[in-house]
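The values are calculated or read from the model by the stated rules, or taken from the named source; none is laboratory data. Since the model is a prediction, treat every value here as computed from it, not as a measurement. Ideal geometry is used to build each Cβ from the backbone, glycine not excepted, and the neighbour counts take in all protein chains shown. What goes into the accessible areas is simple: the full protein's heavy atoms, side chains included, and nothing from ligands, DNA or RNA. Shrake-Rupley method; radii C 1.70, N 1.55, O 1.52, S 1.80 Å.
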Amino acid sequence: MGAFSQPEVPRSGYLKTKYAYSPLGLDPPEIRLITLEPGQRDDPIECKVQIFEFDDDLYGCYDTLSYAWGSRTNKQSINVNGNPNFMIRYNLWLALCHIRDENKALTLWVDAICLDQNNSVEKTEQVGKIGDIYKRCGMCRIWLGDLPEPMKPHAASALELLKIFDKHSLPTDGERAEDGISDEQGTDAGRKHQADRDILSKLFSSQTHSTPEPGEDFTGDFVLDFAEERTWMYVKTEYEPHFEALTALFELEWWKRTWVIQELVLPPKIQLLFAGQSFSYGTLKNVVEGFTRNFTMGCSRDNDHNRSVSLQGPGFNAYMAIEERIESMVFAREQLRTQPTTFTQLRRRFCGSQVSWKRDSFYAFLGIVTNKSFIRPDYTLSLRTAITQAVFSCIKSEHDGADLLFGERLFRAQDPYMRLHVPSWVSDACFCTLPPKWATIERRRLRIYSSFASTSSNQRRKTFIKYLKMSKNGILIASSRHVATIDDIGPVFMIDKEENMFLVWAVIEAWMGMVGVHVGNKKESEKSEIETSEKYKAFWSTMINNPVEKVEKDLSYGRPTTDGELSIYSRLRTLWRLFEATLRAAKFPDDWEALKFREYNDTTQHEMGIDPPNMHEWSWMPEPRIIYHLFNCLWERRLFMTGDKHFGLASRNARKGDEIHVIPGCPAPFILRRLGSNISNPNTQLGEWDTDSLPQYMVVGNGYFHGFMGGDEVEENGSEEEEDEEKRDENEGGEETGAGRKKGIEYNEIALH
């Protein structure tokens, strides 16, 4: 966007004589803008900084530049108001070189130049305006950066693939006749189906595999029967470089930063640039919708042949990059136009995004949230104070704020007892940058927890929040009910660096042994007795956290079906028999401790037709949708047993003696660790007069505890039908019934450090 005229003559925003910023006025509010002078690609960057009143006359009269800051040490000099030694980071310098026009000046707002980065007071004041700056700009130019060196020659291939998805997006009403779509196909479902077939046929080839199922021959030895056919979608050879380049594009640093989220969500118009290429937000949206519609969880359905379809290879990698980073950004932009947005929603969606300053975990969303009056940016606060105040304010002020209590405590590089660090009741997702796969798992687990919420539990949550308190030292005073203590705990479910899938299934086998539902080499009649028992069903309910994902546009979960051969439990039983037979054929020792140090029998696996390099793919073949869900539920968790033989899943950091607590209205239980009164470390003595008399705990995490999901205990032996009936009663306003939902349950106050 070019230069413009203002009613008042702008004043210089940067003083050449002092090489310092001119202060910004507060009433009326002011901002700085730069004029980027025209030039050739290799010419020195020259710009002029001026101050303008931030009023209605400024609407649409400037563009904004979004970019990833990059390395602190790699810098370039530019000329600002006559100062030839104004230093900026290399990535910004590269962005300015790419967007500079050869013939006309551009008026821009660029954070690193328009804000005095060394002035904490100015940053505190201006951060609250950044959202409005992006809302009022004419266009946001997003510099994604160059592709990494191996992929640089394929930048045009990434753009070509983007355009293919854009071209085959859902046609408009006016395009249907031109595209030859019949009236029947003109329905939403028909149009989607036609668009999906066009994309699949152009980019993918299919290969049909038989799904292995366990069987026994007349000698009793293990054999594989191949029954159900499953279609696996592979990227066509000629398009593999396109998908690899697209994955590289979506893994650029820009997508990983928290501050850039509002820079994609808020502007009226967006242009995305990378490696000399450019595309619109509309194209990005169509790519995301095309991937997620066709390959939810990397799986889909071939409706023409009634076969399961699974995505493999470079296509799956591209899909995962979209799910882990891009999909949430597009969702946030679309949601902003239709419904209110909260800090809690954004923190949970973007817990894998990065910030340079932990305080920005909340401050970076000020421009997006609907109600932000209860959080004011303050860079003079300590990290502990800034984070705890922000989280506590969200819990008290937002309808979904209590969700910030849920999640792992695995990624904070700190002693959880230390006074100067963030307390354990604040989950990692509130201020840590979670690895991409972990961020996806956290989002899915929160949705699973939410599926247990009911009308009555939501009401109890409101009461709980009403009386929730936080001490001056950041200790949370909450009500809870101690329901069990961990008496035994099993190995951690995870894949080692070699991605040895045999170890994964061996962990489940060890857990089954703890619970007493391991069938092993038992006779068929004994197997049947175990597999039809309530304990066996409870075990697999625990493994899948007792919901299954619904096939809907937005991620949601519901209770699984329990009757017939197509029930989730029947399919899990069949699936487990397959893997159990595989473990036996691989001659694993029964003892878990020995198993950890064993070397599995390559020859045996090869004879079975399961070579170790292919074990990962083979493990997913039978039921990819169920296995994906299973991994999300179990990843880096361990099975625990209580003294009365109840069982559940806890974080990898849980240990014997940890307590299971139910907090009113919270759909998942908390794993707490008691802090003894004889602790000598002075940093743990955070008490005040209103907390010293209370039981002191640290939060280990959340988990699944069979029979205690939904905020209160449900009747241990109650049937699914009885639970459904109780939920219907609650939804109809009836009296609360069922064990654990009776009136008079007592909760006690505790102090959470």
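Hey, can you rank 379-391, 658-670, 535-547, 51-63 by average C-beta count inside 10 Å, highest first? Please report the intermediate quantities before stating the final value.
Numbers: 379-391: 18.6, 658-670: 24.2, 535-547: 21.4, 51-63: 16.9.
Packing order, densest peptide first, comes out as 658-670, 535-547, 379-391, 51-63.
Taking θ = phi - 60°, what integer Hz values does the Karplus form 6.51 cos²θ - 1.76 cosθ + 1.60 yield along segment 659-667, in sequence order, with x for Gly and Pro?
9, 9, 10, 9, 9, x, x, 8, x
Kindly provide the GluC sites (Glu not before Pro) of segment 374-482 that DSSP labels as loop, not H, G, I, E or B, and whose Cβ sees at most 14 other Cβ atoms within 10 Å. Provide the component values of the computation, followed by the final result.
Values: sites: GLU398, GLU408, GLU442; in loops: GLU398, GLU408.
Passing sites in segment 374-482 do not exist.
Would you mind getting the accessible area per residue of segment 464-544, heavy atoms of the protein chains only, 1.4 Å probe, in Å²? List each step's numbers first, then the result.
Working: 3570 Å² over 81 residues.
Dividing the accessible area of segment 464-544 by its residue count gives 44 Å².
Using 0.36 nm times the number of residues separating ASN79 and GLU524, minus their current alpha carbon distance, what extension gain do you get? If you can, show how the numbers build up before the last one.
Numbers: separation 445, 0.36 × 445 = 160.20 nm, distance 8.17 nm.
Contour length minus the Cα-Cα distance gives 152.0 nm.
On the accessible surface of segment 344-445, probed at 1.4 Å, how many percent belong to carbon and sulfur atoms?
Details: 1880 of 3440 Å².
So the carbon and sulfur contribution to the accessible surface is 55 percent.
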